[in-house]
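Readers should treat all values here as calculations from the given coordinates under stated rules, not as data from a laboratory. Only a predicted model underlies this, so the values are computations on that prediction, with no experimental measurement involved. Cβ: placed from backbone, ideal geometry, glycine included. Neighbour counts: every protein chain shown.
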């Protein structure tokens, strides 16, 4: 089924930047035939200002100015701008090598490479057909973010401003408060729409924070990415991992080794033989168990379709790994590599699960039996 424009009230604009006007006419005609509701803007110069002027929904970007073999890679600065400051779905449409920084990502939902050639405008239209619903959702997300930012700034409490007299200090307090309110509004927006998260949406892949955090997942560098036992779950509190004055408070990281999910399920008597006979009962029991912070000392971790297998972290068998052995952002040549963070509140749930098992308050002996009898009288 051919894609239709999902936001006709604010029509999709396709911007093509290419110094070859003839090929732009071919693309324009193809776009008009297949997507008559879309508008087409052509720009011959590789000028960054056109992005802000047009505010396109999709960009078709050539890279080379003039001859492909000897011409200037004039599209590279625009590509960098798109990826760093003005991200929108982009089709790299070039006859030469796509030598870019940052490199062209593989399997990105909003980026695709189409090599120029006879009849290749049809391939461009196929990509646009895939991009249209994604571009619509991305446009809606940008609008939502913009509205939340402006609303939050407008409603920031006057008390925050008037409570502190120093201009520099109160500006910093205000900015921090606005950030927290924006994050809270985004969370509320996600909860209020009634959508159910996929189990693996708790993962942040790749991690945002450059430093290791509590509940991060690390993997042995020489381990198999599909093998649960290659992974470890970080349990050291984040405050001890983040460097203060250039150095973390600890030298060793407390981790829980991960195991295949079968080992966890056996603790609640869910086995292959029982599943074959009592699947419905097993599912009900497992649904109840998965709502708990841990299952008999195991923290279940869902599979991520592209990155992680099903596994469980074993909280009763802990290890210490030197912090210097764990590679974080951009590091190589270490025994472990950080592969995922876990978002809040799932991160806090893992810390709570560990606390339940590891923390015990020393209490004096009390007459618990007498207390129980009193309550039942």
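Assorted remarks:
- Sorting 200, 161, 371 from the fewest to the most surrounding beta carbons within 10 angstrom yields 371, 161, 200.
- Averaging 1/r across all pairs of distinct Cα atoms in segment 63-213 and inverting the result yields a Kirkwood radius of 19.5 Å.
- Here the simple spin-label model places points 7 Å from the Cα toward Cβ, and for residue 44 and residue 272 these points are separated by 6.9 nm.
- Note on 138, 81: ascending count of other Cβ atoms within 10 Å places them as 81, 138, the fewest first.
- Relative frequency of Cα-Cα separations exceeding 17 Å in segment 117-177, percent: 63
- Alpha-carbon spread of segment 8-134, three principal axes, descending order, Å: 40, 32, 29
- Between residue 142 and residue 359, the contour length at 0.36 nm per residue exceeds the Cα-Cα span by 73.7 nm.
- Between residue 319 and residue 366, the modelled label-to-label distance comes to 4.0 nm, taking each label 7 Å out from Cα in the direction of the beta carbon.
- Gaussian network model of the chain, springs between alpha carbon atoms under 10 Å - residue of 137, 62, 166 with greatest fluctuation: 166
- Computed over the alpha-carbon atoms, segment 156-195 gives an Rg to Rh ratio of 1.19, Rh here being the Kirkwood radius from the mean inverse distance.
- Equivalent ellipsoid semi-axes - Cα gyration tensor, the chain, angstrom: 48, 28, 24
- What the Cβ-Cβ distance of residue 160 and residue 86 gives, at R0 = 35 Å and to the nearest 0.05, is a FRET efficiency of 0.65.
- Normalised by the number of residues in segment 193-280, the average gap of Cα pairs under 8 Å and 6 or more apart makes the relative contact order 22 percent.
- Residue 252/residue 120 FRET efficiency (R0 56 Å; Cβ-Cβ; nearest 0.05): 0.50
- Selected from 195, 280, 121 as most flexible by GNM, with the chain as the system and alpha-carbon contacts under 10 Å: 280
- By other beta-carbon atoms within 10 Å, ranking 366, 176, 134 with the fewest at the front produces 366, 176, 134.
- Gaussian network model of the chain, Cα within-10 Å springs - most flexible of 225, 49, 296: 49
- Equivalent-ellipsoid semi-axes for segment 218-377 (Cα gyration tensor, √(5λ), whole Å, largest first): 33, 26, 12.
- Cα centroid of segment 269-336 to Cα centroid of segment 62-117, whole Å: 40
- Residue-span extension gain [residue 104 to residue 373] - 0.36 nm each, minus C-alpha spacing: 89.7 nm
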